[in-house]
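Trainee: Have a look at the structure that comes next, please.
The values are calculated or read from the model by the stated rules, or taken from the named source; none is laboratory data. Predicted, not measured: the structure shown is a model, and the values here were computed from it. Every residue, glycine as well, gets a Cβ built from its backbone with ideal geometry; the counts of neighbours run over all protein chains shown.
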Amino acid sequence: MQDVIDRTETAKEAARRLAAPMLRKGFAPTGLHEYTSASGESLYWRIRAEHPTEPKWIRPMMQDEAGAYVLGEPPAPEAGKPLYRLHVLAQTHADVVVIVTEGEGKADMLERIGCTATTSGSASSAEGADWTPLRGRRVLIWPDNDDAGAKYAQAVAAKLQGIAAEVRIIDVATLKLPPKGDAVEWLEAHPKATATNVLALAVVSVVAPPAPVVDALPLLPIPQALERARAMLLPPSEGTDVLYPLESLGPLADAARELADGAQVSPAMAGQSLLAGVALLAQGVANVRTLSGNTAPLSLYALTVANSGDGKDTADRPALRPVHDTQREEGKRYADDLAAFEDAKASRKKGDPSPQHPGPSPYRITADLTIEGMRRSFAEGIAAQGIFSTEAGAVLAGHAMTPEQRTKTAANLCGLWDRGHLSVVRAGGGRTERYGVRLSAHLMIQPAALGDVLGDEVLSGIGFWPRFLLAWPMPLAPRTFRPWRPENSPVILRYWADCKRLLSRPMPDDCDGLPVIELDHQATERMAAFFESMEREGRQGALRDVQPFALRATEQACRIAGVLACFAGHDVIDERAAACGAALAAHSLDNWQSALSGKADPTPGWALALYRWLVERVGWVALKDIPRIGPANLRSAERRNTAIDLLDAAGLVDFDGGSVKAGGVDHASR
């Protein structure tokens, strides 16, 4: 297997290469904006660089026939140049207000607070753009505070005559902006502004051309249709501005700080990656005595939610480098030993001693969450393994987490976390009982890929998510290019060396007999205070809405403290490690409380579950059959009707008498 793979130049790298002559003149890159088709395909990019005293430098970039990035843009279609973020417009309902700005950066800023925004580009671009994607839409134009901005607003409004259902122009004179001030400056002056605040701004004029509103949703392939439905039904998914307690990582703090600064990822992303990576190793070295007196695995489950491009893979690779390097070496050796064993077995003659099997496969990391996958992995492999994925949307949307399989999968994962016990009854007969195994996990996922799993009643009922440490950092701000290689960092090299020390420890077949890391007296007092706080706040105080998470937080804190102690080479948890564990568990609680705060109303989750179920069926389904054969959480007619009403209001279903089907789905395109 090749260790080195030719890497294709990314758009960001190409933009920097093409802008190099200007960068050498003192220009700084300030933006790279991607124009897409309605289905999400890249059409071209705009490179933007600025200089303290020179005019802005803005150039288009595209890929030529050979796939190389060059300056220029493809010929404009006869209808005109495409609008910015066409794929977003295609996925939003016709009733959602679209904000038109003068420039891509302003549209991006508005998108970050939950608005749907687009632009044709510069102040002189309105005439040459194709505005038909806004047919039947309600449009709000946000001009810059200058003459050019006013002319752009009027030009856009004129182009939308007979196309849009409604056109309004924000009265920038009421916004107290400086001359040439724009949406970005207003948002910076109002950091807590929401989409609701923006849509309530005063308007200077209203243009209402006689165009009908288009009620029917555009047909989309199933994945895009489901993503659109989620965006329409569920509350906006945003990160929390709660600071990640980097110092509470103890012996991992320096490495996490270096990873966050060097790779330009959020501290939460760096911290979760390192903590989960070390738990993968520590769980095969020791167990921990929790405050309750029970012995628990040092396994941790982590869930990190971050936007595409916010560094999931960038953080994961350095965190797991020692594991992958060891797997590569041990895997090759194991393959050779297994081949030799098979050869010896095939050539063995009667009376010869049986050849010795090389033992379990050495692989620690898997991406298979299915019950059968876990059964085989632990039946054939070592006792301590991990599920690590930087694209966990595929994991949570896969077979293991379909409505039919969720309960079984979650129950097995809970059993592994609790006791290190895997119990599988196979459909074809036979039973697997494996004791003393360990599983850690780090699932990294984009908000849009979460679907309805966070609010799933089945998963909540069996305590699945309370076993996960959640980090949901705010999206990254625009970054500047800064070269960094982890192998050149003394701090990361020390982290790798400590990981290799744990990797060199022999792996037992049964981890239940591993040494137990104990809480010392001061650590016990610290954990007891944390336990009482969680009991008080979880049962009667501010954490009642996340009570299952609060009541499990003390065990999480003990496990985290045990992992940190193990990594540091200690066999006792002191007060400092206990405080670190409590702080990290509390940070996860804050994130869970923020993530679940908009899910008190279960109706959107029911509606999304029903829509997903309908999408899987081509054609009409009788309404009366849904309580009998529909999703398990919609077996009551009352819930079915509530979900149907919400889907109907959103335009996501079509009716034919007593039957219903999913709307806006192109089943021929998968």
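Trainee: Let me spell it out: the conditions are (1) within 27 Å of Pro221 (Cβ to Cβ); (2) surrounded by 14 or more Cβ atoms within 10 Å (Cβ to Cβ), and Ala19 meets all of them except one. Which number is the exception?
Mentor: Exception for Ala19: condition (1).
Trainee: Please verify whether segment 343-358 includes one or more residues that are under 40 Å from the mean Cα position of the chain (by Cα), on the phi < 0 side of the Ramachandran plot and buried (at least 16 other Cβ atoms within 10 Å of the Cβ).
Mentor: Step one: of segment 343-358, the residues under 40 Å from the mean Cα position of the chain (by Cα) are 358.
If we keep only those that are on the phi < 0 side of the Ramachandran plot as well, we get 358.
Retained after the next criterion (residues that are buried (at least 16 other Cβ atoms within 10 Å of the Cβ)): 358.
Yes, because at least one residue in segment 343-358 is under 40 Å from the mean Cα position of the chain (by Cα), on the phi < 0 side of the Ramachandran plot and buried (at least 16 other Cβ atoms within 10 Å of the Cβ).
Trainee: Could you tell me how many of the residues in segment 401-422 are assigned to a helix (DSSP H, G or I) and either touching a Lys or Arg at 6+ places or on another chain (Cβ under 8 Å) or at pLDDT 75 or above (or both)?
Mentor: 14
Trainee: Filter segment 25-69 down to the residues that are under 20 Å from Phe481 (Cβ atoms), among the hydrophobic types (A, V, I, L, M, F, W, C) and part of a strand (DSSP E or B) and list them by number.
Mentor: Result: Ala28, Leu32, Trp45, Ile47, Ala49, Trp57, Ile58, Met61.
Trainee: Being assigned to a strand (DSSP E or B), in the same structural domain as Val184 (by TED's automatic domain parsing) and at pLDDT 85 or above is the filter here, so list the residues in segment 196-230 that pass it. Before the answer, list the steps.
Mentor: Restricting attention to segment 196-230, the residues satisfying the condition of being assigned to a strand (DSSP E or B) are 203-207, 220.
When the remaining residues are screened for being in the same structural domain as Val184 (by TED's automatic domain parsing), the result is 203-207.
Scanning segment 196-230 gives a single hit, Val203.
Trainee: Mind checking which strands (runs of 3 or more DSSP E) fall wholly inside segment 238-349 and carry at least 2 residues that are touching a helix residue (DSSP H, G or I) at 6+ places or on another chain (Cβ under 6 Å)? Full working, then the answer.
Mentor: Values: elements: 287-289, 295-297, 301-305.
In segment 238-349, 301-305 are the strands (runs of 3 or more DSSP E) which contain 2 or more residues that are touching a helix residue (DSSP H, G or I) at 6+ places or on another chain (Cβ under 6 Å).
Trainee: Across segment 40-60, which residue is surrounded by the fewest Cβ atoms within 10 Å (Cβ to Cβ) among those that are in contact (Cβ under 8 Å) with a residue 40 or more places away in the chain and either of a type in the set (Lys, Arg) or in contact with a helix residue (DSSP H, G or I) (Cβ under 7 Å, 6 or more places away or on another chain) (or both)?
Mentor: So, considering only residues that are in contact (Cβ under 8 Å) with a residue 40 or more places away in the chain and either of a type in the set (Lys, Arg) or in contact with a helix residue (DSSP H, G or I) (Cβ under 7 Å, 6 or more places away or on another chain) (or both), the one surrounded by the fewest Cβ atoms within 10 Å (Cβ to Cβ) is Gly40.
Trainee: Just need a number here: residues in segment 287-317 that are more than 22 Å from the chain's Cα centre (by Cα), surrounded by fewer than 21 Cβ atoms within 10 Å (Cβ to Cβ) and either modelled with pLDDT under 95 or aliphatic (A, V, I, L, M) (or both).
Mentor: 2
Rundown of residues vs (1) modelled with pLDDT under 95; (2) more than 20 Å from Pro318 (Cα to Cα); (3) not assigned by TED's automatic domain parsing to the domain that holds Ala302, yes/no style:
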| residue | (1), (2), (3) |
| --- | --- |
| Ala448 | yes, yes, no |
| Leu470 | no, yes, no |
| Arg501 | no, no, no |
| Leu514 | no, yes, no |
| Asp520 | no, yes, no |
| Ala529 | no, yes, no |
| Gly538 | yes, yes, no |
| Gln547 | yes, yes, no |
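Trainee: Given the conditions (1) over 22 Å from Pro466 (Cβ atoms); (2) at pLDDT 85 or above, and given that Ala637 satisfies all but one, which numbered condition is not satisfied?
Mentor: Here Ala637 meets the rest and fails (2).
Trainee: Counting only residues that are buried (at least 17 other Cβ atoms within 10 Å of the Cβ) and closer than 24 Å to Val305 by Cβ, how many does segment 467-512 have?
Mentor: Matching residues across segment 467-512 total 8.
Trainee: Looking only at segment 83-107, which residues are farther than 19 Å from Asn145 by Cβ and either in contact with a strand residue (DSSP E or B) (Cβ under 6 Å, 6 or more places away or on another chain) or not in a loop (DSSP other than H, G, I, E, B) (or both)?
Mentor: Those that are farther than 19 Å from Asn145 by Cβ and either in contact with a strand residue (DSSP E or B) (Cβ under 6 Å, 6 or more places away or on another chain) or not in a loop (DSSP other than H, G, I, E, B) (or both): Leu83, Tyr84, Arg85, Leu86, His87, Val88, Leu89, Ala90, Thr92, Val96, Val97, Val98.
Trainee: When you scan segment 513-531, how many residues do you find that are part of a helix (DSSP H, G or I) and surrounded by fewer than 19 Cβ atoms within 10 Å (Cβ to Cβ)? Working first, answer last.
Mentor: Taking segment 513-531 and keeping what is part of a helix (DSSP H, G or I), we get 513, 521-531.
Filter once more, keeping what is surrounded by fewer than 19 Cβ atoms within 10 Å (Cβ to Cβ): 513, 521-522, 524-525, 528-529.
Number of matching residues: 7.
Trainee: Would you check if Arg612 is basic (Lys, Arg), buried (at least 17 other Cβ atoms within 10 Å of the Cβ), assigned to a helix (DSSP H, G or I) and not assigned by TED's automatic domain parsing to the domain that holds Arg467?
Mentor: yes
Trainee: If you don't mind, another one. State which residue is farthest from Pro447 (Cα to Cα) when the search covers only segment 582-593 and only residues that are modelled with pLDDT under 95 and touching a Ser or Thr at 6+ places or on another chain (Cβ under 7 Å).
Mentor: Looking at the filtered set, the residue picked out is Asp590.
Trainee: Report yes if Lys312 is over 25 Å from Leu514 (Cα atoms) and either free of Cβ contacts under 8 Å to residues at least 24 places away in the same chain or not assigned by TED's automatic domain parsing to the domain that holds Ala553 (or both), otherwise no.
Mentor: In short, no.
Trainee: Right, another one. Pick out the one residue from Ala568, Ala579, Ala561 that is surrounded by fewer than 17 Cβ atoms within 10 Å (Cβ to Cβ), at pLDDT 90 or above, assigned by TED's automatic domain parsing to the domain that holds Pro267 and over 22 Å from Ser460 (Cα atoms). Walk me through it before giving the result.
Mentor: Values: Ala579 fails: surrounded by fewer than 17 Cβ atoms within 10 Å (Cβ to Cβ); Ala561 fails: surrounded by fewer than 17 Cβ atoms within 10 Å (Cβ to Cβ).
Answer to the selection: Ala568.
Trainee: Please find, among Gly128, Gly121, Gly80, Gly67, the residue that is surrounded by fewer than 17 Cβ atoms within 10 Å (Cβ to Cβ), of a type outside the set (D, E, K, R) and in contact with a strand residue (DSSP E or B) (Cβ under 8 Å, 6 or more places away or on another chain).
Mentor: Gly128
Trainee: Could I ask something else about it? Since Arg617 meets every condition but one in (1) closer than 30 Å to Val242 by Cα; (2) assigned to a loop (DSSP other than H, G, I, E, B), which condition does it not meet?
Mentor: (1)
Trainee: Being surrounded by 22 or more Cβ atoms within 10 Å (Cβ to Cβ) and closer than 30 Å to Thr554 by Cβ, is that true of even one residue in segment 593-607?
Mentor: Yes - at least one qualifying residue is present in segment 593-607.
Trainee: Mind counting the residues in segment 509-528 that are of a type outside the set (S, T, N, Q) and over 15 Å from Arg419 (Cβ atoms)?
Mentor: The total comes to 12.
Trainee: Which pairs turn up if I take residues in segment 589-602 that are over 18 Å from Arg467 (Cα atoms) and look for partners that are modelled with pLDDT under 80 and aliphatic (A, V, I, L, M) with beta carbon separation below 7 Å, at least 6 apart in sequence or on another chain?
Mentor: Lys599/Leu454
Trainee: Has segment 89-105 got any residue that is under 25 Å from Leu187 (Cα atoms), among the small types (Gly, Ala, Ser) and outside the structural domain of Lys25 (by TED's automatic domain parsing)?
Mentor: yes
Trainee: Among the residues in segment 274-297, are any among the charged types (D, E, K, R), assigned by TED's automatic domain parsing to the domain that holds Pro478, touching a strand residue (DSSP E or B) at 6+ places or on another chain (Cβ under 7 Å) and farther than 28 Å from Leu551 by Cβ? Reasoning before the result, please.
Mentor: Start the filter on segment 274-297 by keeping residues that are among the charged types (D, E, K, R), which leaves 289.
With assigned by TED's automatic domain parsing to the domain that holds Pro478 added as a condition, the list becomes 289.
Filter once more, keeping what is touching a strand residue (DSSP E or B) at 6+ places or on another chain (Cβ under 7 Å): 289.
If we keep only those that are farther than 28 Å from Leu551 by Cβ too, we end up with none.
Taking every residue of segment 274-297 in turn, none turns out to be among the charged types (D, E, K, R), assigned by TED's automatic domain parsing to the domain that holds Pro478, touching a strand residue (DSSP E or B) at 6+ places or on another chain (Cβ under 7 Å) and farther than 28 Å from Leu551 by Cβ.
To keep it simple, each residue is scored yes or no on (1) in contact with a Leu (Cβ under 9 Å, 6 or more places away or on another chain); (2) closer than 22 Å to Ala225 by Cα.
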{"site": "Ala94", "(1), (2)": "yes, yes"}
{"site": "Gly105", "(1), (2)": "no, no"}
{"site": "Gly114", "(1), (2)": "no, yes"}
{"site": "Ser124", "(1), (2)": "no, no"}
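Trainee: Checking the condition surrounded by 13 or more Cβ atoms within 10 Å (Cβ to Cβ) and either in a loop (DSSP other than H, G, I, E, B) or modelled with pLDDT of 95 or more (or both), which residue from Ala542, Ala553 passes?
Mentor: Ala553
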